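Just so you know, all these numbers are worked out from the coordinates, no wet-lab data involved. Just so it is clear, the model here is predicted, and its values are computed rather than measured. Every residue, glycine among them, receives a Cβ derived from its backbone with ideal geometry; neighbour counts consider all protein chains shown.
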Amino acid sequence: MRRRGVLVLSVFALLWAVAAASGTGSATDAVPLCIEVAALLLTAAAIRLGYRKGAAPSPRTVNLPANWARGVGIVNTVELVAVFAVIAASNAADRPEAVPAGIALVVGLHFFPLARLYDQWQYRWTASLLTAVAVAGFVLVAAGLASETVRIVVGLGCALVLWASSYHLALRG
């Protein structure tokens with residue numbers, strides 16, 4: 001599960017970074033291209049660390065609760081529905097600039113039950129930091145900053161948190 005966690009966390013970090021890059025200019029401009037290249041390199045390095053030969057097994061025994069896979073499926077389904085609800089509600093309220101912060105909040109909150117279901121207590125700090133990024137995004141929206149600014153701050157913030165979690169999992173289990 002350690003390898004799968006590294007893969008999932010780092011790929012979602014990449015997606016957040018690409019979303020952030022989209023707020024920095026045209027896809028062919030230097031800044032978004034640099035962000036995307038750096039994101040690809042960070043993601044590839046995390047995956048390589050997670051899948052490297054000779055990696056020591058996790059130093060602790062994981063104690064998965066009964067029906068943990070079902071619980072994970074439920075949490076991820078609720079997360080997906082909530083993401084679509086955030087998008088629909090933000091657009092209905094004519095506040096599309098709130099979408100990144102709303103999605104970050106949903107993603108952050110979904111890590112709290114995942115910490116227990118995967119017996120990965122480090123996911124609590126992932127949840128807390130992603131939730132803090134979401135709050136910062138909502139503050140930027142309330143302050144009237146441009147949607148691009150919100151996307152950059154929330155996207156890069158979420159990407160950094162997810163990469164940190166991925167690297168932690170790859171190196172420490």
- Could you list, in sequence order, all residues of region 84-125 that are of a type outside the set (A, V, I, L, M, F, W, C) and more than 16 Å from the chain's Cα centre (by Cα)? Ser90, Asn91, Asp94, Arg95, Pro96, Glu97, Arg116, Tyr118, Asp119
- Task: Please identify the pairs in which a residue from region 29-52 that is at negative phi and among the acidic types (Asp, Glu) has its Cβ atom under 9 Å from the Cβ atom of a residue that is surrounded by fewer than 19 Cβ atoms within 10 Å (Cβ to Cβ) and assigned to a helix (DSSP H, G or I), counting only partners at least 6 apart or on another chain.
- Result: Glu36/Val18
- Item | Gly157 surrounded by fewer than 23 Cβ atoms within 10 Å (Cβ to Cβ), at positive phi and among the small types (Gly, Ala, Ser) | no
- Query: How many residues are in contact with a Leu (Cβ under 9 Å, 6 or more places away or on another chain), among the hydroxyl-bearing types (Ser, Thr, Tyr) and closer than 24 Å to Gly108 by Cα if we restrict to region 1-56?
  - Reply: 2
- Identify the single condition in (1) on the phi > 0 side of the Ramachandran plot; (2) touching a Cys at 6+ places or on another chain (Cβ under 6 Å) that Trp16 does not satisfy, given that it satisfies every other one. (1)
